[in-house]
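Report on the structure given below.
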Protein chains: 2
Amino acid sequence: MHRKLFIPGPTEVRDEILKEMAKPLIGHRSKDFSELFLSTVSKLKKVFYTENKIFISSSSGTGLMEATIRNCVSERCLNLICGHFGEEWYKIALSNGKNADCVRVEPGDGITPESVREKLDSGSYDAICLTHNETSTGVMNPIYEIAEVINRYEDVLFMVDSVSSLGGVKIEVDKLGIDVCLTSSQKCLAIPPGIAVCSVSERALERSKKVRNRGYYFDFQTFLKFYEKSQTISTPPISQIYALNKELDYILEEGLENRFNRHKTMAEYTRKWALEHFDMFPKERFWSNTLTVIKNTKGIKVDELNKKLAERNMQISNGYGELKEKTFRIAHMGDLQLEDMKELIMIINEILGL
Amino acid sequence: MHRKLFIPGPTEVRDEILKEMAKPLIGHRSKDFSELFLSTVSKLKKVFYTENKIFISSSSGTGLMEATIRNCVSERCLNLICGHFGEEWYKIALSNGKNADCVRVEPGDGITPESVREKLDSGSYDAICLTHNETSTGVMNPIYEIAEVINRYEDVLFMVDSVSSLGGVKIEVDKLGIDVCLTSSQKCLAIPPGIAVCSVSERALERSKKVRNRGYYFDFQTFLKFYEKSQTISTPPISQIYALNKELDYILEEGLENRFNRHKTMAEYTRKWALEHFDMFPKERFWSNTLTVIKNTKGIKVDELNKKLAERNMQISNGYGELKEKTFRIAHMGDLQLEDMKELIMIINEILGL
């Protein structure tokens, strides 16, 4: 029996999309493929609110995090860290031989525009990496305020990991001046994992030309060469592109604002319950609309709860890393509906006797 | 209508495997996933004839080509080039800032053990890259003879791109002393694209530790860390792992020797026809068992032929790059049967009036 996933990825995938995954393959250098590519990219541009090019990568979002570092960091980057995925991006910068500094805050805290301004004033950076929504702590950073600060500085490329937010929360790439906005498929875009996409600005492409040692597989110049032929560098996950293209139809049919509101409503419902019975883990300023991380104030056994939920064909997530059992995580991403959250909460209440 | 693919990837995928692609997702940090991972890896070891570790990568084969370079080349590598994919690997070495030399032969020619010996005698290399089966020219290199030469030299890591051969031709990784053997899913393994796998020897892992600037996404040490937990670095293409695991059952049920013989029989049948009406493009010593590249001695219009084949729901490949129209390519990979080849050839004969 399938367990309904309330975890921060992979998320639930609707039956119609699973059927797309089962379609026979086509050649990736064929006209049919190029049409599929163009159609998918043009719909993605709407969801990204951008006129920039959108590259399709046969990798997870982590792969595109490495791509941003290899293509966009020449002198030194600044990593804004509020949890595991921010730490990972910093590690990626260092392991690729780049100079990198960071702003690091305590778990549950988020990145403030003030701290970014202070750091940018004190040092010289040519790129800045922000994890928009940190799934290890449930922190969503105030990207509009942070963007306003970053855009005051010249020649600082703004790179955003929106893996667990894009498609569930409004991120207007062009308006925010985001140079590279990357995401993957298995979160708010609600398709199976195995594909990642990113928007890339003209100035990021220009920067890329000048950065040495970019490699091949994640080289933006190679991406660009194939993009211009409506193709990908190597054989892409065609099944996931079928799925993505079709899911984008559902997303645009629902309407982006409606989709964002649905995520907000699900988040508010989950937070209300969390505050009634437990407490929120992140500071209020940083509450996320795609994931609720709950402080386990009652000392419940989260693993036990999850086992009992499994008997009811549902799954939530324990806390991440050191936050295991101290927190637990309920995701409300993608195609989940308020009714799903109500059902989940009802069953959790029943199990815990709340 | 779906066109049956006689192209060198993606190849035909059987219905039962397409159904696996449509299965609902599971968490990639769950016990269920670890069981799936272990089961898949243990079956892959049989197909690779190895006791080495097998890493699963969320990328195409090209991604793992980059991985070999970043992890295994410290001083200088030697690239054996007999076509496009060999050239690409060389480009990957250079674009990752590595020193690299090459042995390069004319299209249609293959790599000889003698040329490898000569080069290894004349220079100092710590790694050597061989494209086992070159799909741009239909050349299959004599890997057993080449391995014998390479194994006489100490500290030279032997890295093999078996993307278009593994699973269709016998490659005994351990017996051949292959340090990294990489392949992807959409060729002889006959599942949809979006996943790549490689075996990695202990000495390749040791080398990796000492090589600087390995990055993160393709770092063998990171792969290893997660391998030991029966997990992957980041969210993997779970659907393709379902498919791979199931297809490996079909492969082992058929029997590896039977599978290799079936590929040989299909190749012989196709070559016989090619020699009767056209000519073979590669030199006889290098004829491939997974792909036949035919010299277009009759000056037929390959694009026209493919259009007419499309009406009959079939597809072959034109020549690669500059060999377009001068050659054409018929793949016989994965789960195709002799009957499929007979049907294809019958229809081509009908179209061309042969």
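The values are calculated or read from the model by the stated rules, or taken from the named source; none is laboratory data. Computed from a predicted model, the values in this text were never measured in an experiment. As a convention, Cβ positions derive from the backbone with ideal geometry for all residues, glycine included, and neighbour counts pool all protein chains shown.
Against the numbered list (1) at pLDDT below 95; (2) within 14 Å of chain A (Cβ to nearest Cβ), residue B:75 comes up short only at (2).
Residue check: residue A:238 meets all listed conditions (1) within 9 Å of chain B (Cβ to nearest Cβ); (2) in contact with a helix residue (DSSP H, G or I) (Cβ under 6 Å, 6 or more places away or on another chain) but one, namely (2).
Within the option set B:183, B:235, being at pLDDT 95 or above, assigned to a loop (DSSP other than H, G, I, E, B) and surrounded by 24 or more Cβ atoms within 10 Å (Cβ to Cβ) holds for one residue only, B:235. The set of residues in segment A:323-342 that are free of Cβ contacts under 8 Å to residues at least 24 places away in the same chain and either assigned to a helix (DSSP H, G or I) or outside the structural domain of residue A:300 (by TED's automatic domain parsing) (or both) contains only A:339. Residues that are under 25 Å from residue A:328 (Cα atoms) and in contact (Cβ under 8 Å) with a residue 12 or more places away in the chain do occur in segment A:111-127, at least one of them.
The residues in segment B:13-36 that are within 8 Å of chain A (Cβ to nearest Cβ) and more than 10 Å from residue B:231 (Cα to Cα) can be counted, and the count is 10. Restricting attention to segment B:278-300 and to residues that are in contact (Cβ under 8 Å) with a residue 24 or more places away in the chain, of a type outside the set (A, V, I, L, M) and not in a loop (DSSP other than H, G, I, E, B), the residue that is surrounded by the fewest Cβ atoms within 10 Å (Cβ to Cβ) turns out to be B:285.
Within segment A:199-226, if we keep just the residues that are within 22 Å of the chain's Cα centre (by Cα) and within 14 Å of chain B (Cβ to nearest Cβ), the residue that is surrounded by the fewest Cβ atoms within 10 Å (Cβ to Cβ) turns out to be A:219.
Condition first: assigned to a helix (DSSP H, G or I) and among the charged types (D, E, K, R). Now tell me which residues in segment B:214-232 satisfy that. Scanning segment B:214-232 gives a single hit, B:225. Of the residues A:344, A:275, A:291, A:305, the single one that is over 20 Å from the mean Cα position of the chain (by Cα) and within 21 Å of residue A:187 (Cβ to Cβ) is A:344. Which members of segment B:306-322 meet the condition of being among the basic types (Lys, Arg) and either part of a strand (DSSP E or B) or without any contact (Cβ under 8 Å) to a residue 40 or more places away in the chain (or both)? B:307, B:312, listed by residue number. Considering B:123, B:86, B:97, B:110, the condition of being in contact with a helix residue (DSSP H, G or I) (Cβ under 9 Å, 6 or more places away or on another chain) and either on the phi > 0 side of the Ramachandran plot or small (Gly, Ala, Ser) (or both) is satisfied by B:110 alone. Within segment A:74-92, the set of residues being within 17 Å of residue A:120 (Cα to Cα) and either under 14 Å from the mean Cα position of the chain (by Cα) or not in a loop (DSSP other than H, G, I, E, B) (or both) comprises A:76, A:77, A:78, A:79, A:80, A:81, A:90.
So that you can scan it fast, the table gives a plain yes or no per residue for (1) within 12 Å of another protein chain (Cβ to nearest Cβ); (2) free of Cβ contacts under 8 Å to residues at least 24 places away in the same chain:
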site: B:168; (1), (2): no, no
site: B:181; (1), (2): no, no
site: B:228; (1), (2): no, yes
site: B:232; (1), (2): yes, no
site: B:246; (1), (2): no, no
site: B:259; (1), (2): no, no
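Taking the numbered list (1) touching a helix residue (DSSP H, G or I) at 6+ places or on another chain (Cβ under 9 Å); (2) not in a strand (DSSP E or B) in turn, residue A:197 passes all entries but (2).
Within segment A:201-233, the residues that satisfy the criterion of being more than 19 Å from residue B:218 (Cα to Cα) and basic (Lys, Arg) are A:203, A:207, A:209, A:210, A:225, A:229.
Checked against (1) more than 30 Å from residue B:226 (Cβ to Cβ); (2) within 13 Å of chain A (Cβ to nearest Cβ); (3) in contact (Cβ under 8 Å) with a residue 40 or more places away in the chain, residue B:87 passes all but a single condition, namely (3).
Taking residue B:51 as the residue in question, decide whether it is more than 14 Å from chain A (Cβ to nearest Cβ), surrounded by fewer than 22 Cβ atoms within 10 Å (Cβ to Cβ) and either out of contact with any Phe, Trp or Tyr (no Cβ under 7 Å at 6 or more places or on another chain) or at positive phi (or both). For residue B:51, the condition - more than 14 Å from chain A (Cβ to nearest Cβ), surrounded by fewer than 22 Cβ atoms within 10 Å (Cβ to Cβ) and either out of contact with any Phe, Trp or Tyr (no Cβ under 7 Å at 6 or more places or on another chain) or at positive phi (or both) - is met.
The single condition among (1) buried (at least 21 other Cβ atoms within 10 Å of the Cβ); (2) closer than 14 Å to residue A:132 by Cα that residue A:172 does not satisfy is (1). Per the listing A:146, A:111, A:128, the residue uniquely crowded, with 24+ Cβ neighbours inside 10 Å and part of a strand (DSSP E or B) is A:128. Number of residues in segment B:262-288 that are touching a Ser or Thr at 6+ places or on another chain (Cβ under 7 Å) and under 10 Å from residue B:345 (Cβ atoms): the value is 2.
Listed conditions (1) β-branched (Val, Ile, Thr); (2) out of contact with any strand residue (DSSP E or B) (no Cβ under 9 Å at 6 or more places or on another chain); (3) in the same structural domain as residue A:328 (by TED's automatic domain parsing) are all met by residue A:270, apart from (2).
Are any of the residues in segment A:54-61 surrounded by fewer than 18 Cβ atoms within 10 Å (Cβ to Cβ) and either within 14 Å of chain B (Cβ to nearest Cβ) or not in a strand (DSSP E or B) (or both)? Among the residues of segment A:54-61, not one is surrounded by fewer than 18 Cβ atoms within 10 Å (Cβ to Cβ) and either within 14 Å of chain B (Cβ to nearest Cβ) or not in a strand (DSSP E or B) (or both), which makes the answer no.
In segment B:186-206, the condition of being β-branched (Val, Ile, Thr) and out of contact with any Leu (no Cβ under 9 Å at 6 or more places or on another chain) is met by no residue. Examine segment B:52-65 for a residue that is at pLDDT 95 or above, among the β-branched types (Val, Ile, Thr), in contact with a Gly (Cβ under 6 Å, 6 or more places away or on another chain) and within 20 Å of residue B:321 (Cβ to Cβ), and state whether such a residue exists. No, every residue in segment B:52-65 fails to be at pLDDT 95 or above, among the β-branched types (Val, Ile, Thr), in contact with a Gly (Cβ under 6 Å, 6 or more places away or on another chain) and within 20 Å of residue B:321 (Cβ to Cβ).
Which ones in segment B:310-327 are among the polar types (S, T, N, Q) and either within 14 Å of residue B:9 (Cα to Cα) or loosely packed, with under 15 Cβ neighbours inside 10 Å (or both)?
Scanning segment B:310-327 gives B:313, B:315, B:317, B:318.
Report whether or not residue A:191 is in a loop (DSSP other than H, G, I, E, B) and either surrounded by fewer than 24 Cβ atoms within 10 Å (Cβ to Cβ) or more than 14 Å from chain B (Cβ to nearest Cβ) (or both). For residue A:191, the condition - in a loop (DSSP other than H, G, I, E, B) and either surrounded by fewer than 24 Cβ atoms within 10 Å (Cβ to Cβ) or more than 14 Å from chain B (Cβ to nearest Cβ) (or both) - is not met.
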